[in-house]
Amino acid sequence: MRYRIRLLSISILLLITVVFILEYLWLPHPEGIDSKGFSAARVSDDIRIISKEPHSLEHPEARSEVREYLHRRLIDIGYEAYIKFEDSIGNVFATLSPLIKKADNNFTYILLMAHLDSRHAYEVNGETNFSLGAADDGYGLGTILELASNAVIYRDKWIQGVKILFTDGEEKDLNGIKNALEFNSEFFSDVGFIINLEARGMKGPALIFETSPGSDKIIDLIGSSKSAAGYSISSYVYSILPNYTDFSLIKDEFPGVNIAVLDNLDYYHTSEDKFDNISLPSIQHYGNQTEPIIKRYLTDEIYSDVSFLKNGRDLIYFSIPFFGIVSFSKITYTILNIIVLILLILSISFFLSRGMGSINGLLCKLFVVILIIVIAASTGHLSSYLLAVLNGVNYKFIALAHLKYDSLVLWISTITTIAIITLIFYRTIRKGSDNLIEFILATEVFLILSGIILIIYSGENFFILLPALFSVVAKPFANLRWGWAVVTALSIVLLFTLLPFIHTLYMALYNGALSIILIFSTIVYIVLLPHIYRVTLKLVK
């Protein structure tokens, strides 16, 4: 009876953790209109005005109203702002220098960027949509206005200055930034860091999804914010997506970051991108993440060198909710991989040498593990393909969106995969403790093989490395009195680290990539399941 109570308790704790993460309950509470810090409520007031009607290149009058509104707001805040036209494309430029005096009056600036136009006509299921631009890019515009206003409060401490660029025509071939670079190149000459705010959805965390090359000093700067969220591998994922931003055009020349929400691609570029669907917690996360970064850049003298953030080393980094960014140099990351590999090999050798399983048994269980991964991949791909068929569209791996029944298909495929895996697991280990330990060792062998392949192919494998480290650390606690509590705590940490990444990957690739999502989810599940089973039954002595 005790093991059932323990198993139920652990299952409930892990389920709560999963729901907590997937529902974004860890995002910050939105601050009210009277807040002395960053306020999502104040930002929403700007977004309400910006998004009252479509303001694309096909709506010149509405776009002009948005442009003039942004111009007036910047002047009211205290910035020197002007509008510069090239043909019908009108960018809004703004500058505010530090109060301190310099003999040469040459300052370095942080540049905050967003685009002022909404998406032009967009066909979805045979219907023409015009976005109202509440998220794309009302989130960016409103957030920058709030950030610019809050920064003025401590202007007497500035050593660097602030520049703002609201580009026009971003949705049509990045016309605004191209014009700015061609006809206003002097505006960029003293820019040492760029933050570009975007949106590819309506909700979720504001993720750093792209950095300029040589990111070590940039990540150190971003580390000023405990709310920072992002993954270095997302730059690779973004490179295969059919989207580009203003910053993507200049990232090789100027140090900086791209930040955006990704959740709900179904609303992206459609008439559902409207004020009624904005997410205040997401807006608050934009501000909580970027405000400390901006303050450090403006007040730390090391950034007075306009080239300080250039020519650094690329880092491997990922984020953990409530904690922020965790980063490693490539050398340190390689060493960590080697250490975990050695621990895995020693652990596998130790258990086999003690007679807890056999080589043949391990190889048989390895076949089972690979079979489980194949089943997960097949289930995901079949589900994506059937979803496309049900909606009468051609299947595609990237951005298969705007479909009926997609949430239902996602949950059915996930639950089906979990059920099949659980059944296979119990049938595999039912004959005794050796089968259980052989299954654990087989998952570790699989992690070794897949981790090596991924590190060779992409240079990153943290989503394999962390489950491998978990497995090595969790094994010794099975027979301890409070081992179940330790394993549960480690499981929660693992879920907090990996589930946001897996969920983010799904939001970026969307319904066509269910196979990838189920593969990564399955890896986490088959790593956790046997250890939780061990500490509930204590089968291995």
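The values are calculated or read from the model by the stated rules, or taken from the named source; none is laboratory data. Not measured: the values here are computed from a predicted model. A quick note on method: Cβ atoms are made from the backbone with ideal geometry, for glycine too, and the neighbour counts reach across all protein chains shown. All accessible areas refer to the heavy atoms of the entire protein, side chains included, with ligands and DNA or RNA removed. Shrake-Rupley method; radii C 1.70, N 1.55, O 1.52, S 1.80 Å.
Say R0 is 35 Å: what FRET efficiency, to the nearest 0.05, do ILE5 and ILE452 get from their beta-carbon distance?
Once the sixth-power term is evaluated, E becomes 0.30.
Run the simple label-point estimate for SER304 and PHE367 please: 7 Å along Cα→C-beta, distance reported in nm.
So the two model labels end up 7.0 nm from each other.
Apply the Karplus parameterisation 6.51 cos²θ - 1.76 cosθ + 1.60, with θ equal to phi minus 60°, to every residue of the stretch 451-460 and state each ³J(HN,Hα) to the nearest whole Hz, in sequence, with x for glycine and proline.
Once θ is set to phi - 60°, the couplings for the stretch 451-460 become x, 5, 4, 5, 5, 6, 6, 10, x, 9 Hz.
Quickly estimate the mean residue ellipticity at 222 nm for the chain, helices only: each DSSP H run with n ≥ 4 gives -39500 (n - 2.57), and the total goes over all residues, rounded to 500.
So the calculated ellipticity at 222 nm is -17500 deg cm²/dmol.
With every protein chain present, what accessible area does PHE439 have (1.4 Å probe, heavy atoms only), rounded to the nearest 10 Å²?
Around 0 Å² of this residue is reachable by solvent.
Using modelled amide H (1.01 Å from N, peptide plane; none on Pro or chain starts), what sits under 5 Å from the amide H of ASP263, excluding residues fewer than 5 places away?
When sequence neighbours closer than 5 places are left aside, the close amide H contacts are MET202, LYS203.
Specify the inter-centroid distance of the stretch 210-281 and the stretch 517-534, based on alpha-carbon positions, in whole Å.
Rounded to whole Å, the Cα centres lie 29 Å apart.
Efficiency by 1/(1 + (r/R0)^6): what FRET value for GLU58 and ILE359, r their Cβ-Cβ distance, R0 = 60 Å, to the nearest 0.05?
Computed FRET efficiency for GLU58 and ILE359 comes out at 0.35.
Determine the share of the stretch 431-514's accessible area contributed by carbon and sulfur atoms, expressed in whole percent, with a 1.4 angstrom probe.
Ligands and nucleic acids excluded, carbon and sulfur reach 75 percent.
Given 0.36 nm per residue, what is the gain on full extension from ASP190 to GLU68 after removing their alpha carbon distance, in nm?
Answer, rounded to one decimal: 41.3 nm.
Hey, rough spin-label estimate for LEU13 and ASN125, points 7 angstrom out along Cα→Cβ, what's it come to in nanometres?
Label-label distance for LEU13 and ASN125, simple model: 4.3 nm.
Out of the chymotrypsin sites (Phe, Trp or Tyr not before Pro) in the stretch 1-56, which ones are loop residues according to DSSP with at most 16 other C-beta atoms within 10 Å?
Answer in residue order: TRP26.
Number of Lys pairs in the stretch 185-286 with C-alpha atoms less than 22 angstrom apart, excluding same-chain neighbours closer than eight positions?
Within the stretch 185-286, the lysine pair count is 4.
Express in nm, to one decimal, how much length is gained between ILE418 and VAL374 on full extension, taking 0.36 nm for each residue of separation and deducting their alpha carbon distance.
14.5 nm
Ignoring ligands, DNA and RNA, what accessible area per residue does the chain give at 1.4 Å, in Å²?
It amounts to 42 Å² per residue over the chain.
Taking all protein chains as present, what is the carbon and sulfur share of the accessible area of the stretch 258-416, in % to the nearest whole number, probe 1.4 Å?
Heavy-atom surface of the stretch 258-416 belonging to carbon and sulfur, 1.4 Å probe: 66 percent.
Efficiency by 1/(1 + (r/R0)^6): what FRET value for ALA489 and LEU241, r their Cβ-Cβ distance, R0 = 30 Å, to the nearest 0.05?
The formula returns an efficiency of 0.25 here.
How much accessible surface does TRP411 have with a 1.4 Å probe, in Å² rounded to 10?
TRP411 exposes around 140 Å² with every protein chain in place.
Show me the ranking of peptides 495-504, 343-352 by mean Cβ neighbours inside 10 Å, starting with the highest.
495-504, 343-352
Tell me the label-point distance for the pair LYS84, TYR426, using the 7 Å Cα-to-Cβ offset, in nm and rounded to one decimal.
With each label point 7 Å from Cα toward Cβ, the separation is 6.8 nm.
Tabulate in residue order the Karplus-calculated ³J(HN,Hα) for the stretch 217-227, using 6.51 cos²θ - 1.76 cosθ + 1.60 with θ = phi - 60°, rounded to whole Hz; enter x for Gly and Pro.
So the Karplus estimates, Gly and Pro as x, are 6, 5, 5, 4, 5, 5, x, 5, 10, 6, 8 Hz.
LYS404: which lysines have alpha carbons under 16 Å from its alpha carbon, excluding same-chain residues fewer than 8 sequence positions away?
LYS396
Can you run phi through the Karplus equation (6.51, -1.76, 1.60; θ = phi - 60°) for the stretch 17-26 and list ³J(HN,Hα) in whole Hz, with x for Gly and Pro?
Each residue of the stretch 17-26 in turn: 4, 4, 4, 4, 6, 5, 8, 6, 5, 8 Hz.
Tally Lys and Arg at +1 and Asp and Glu at -1 over the other residues with C-beta under 14 Å from the C-beta of ALA134: what net charge comes out?
Computed value for this residue: -4.
Using just the C-alpha positions of the stretch 492-541 as equal point scatterers, what log10 of I(q)/I(0) does the Debye formula give at each q in 0.14, 0.18 1/Å?
-0.44, -0.62
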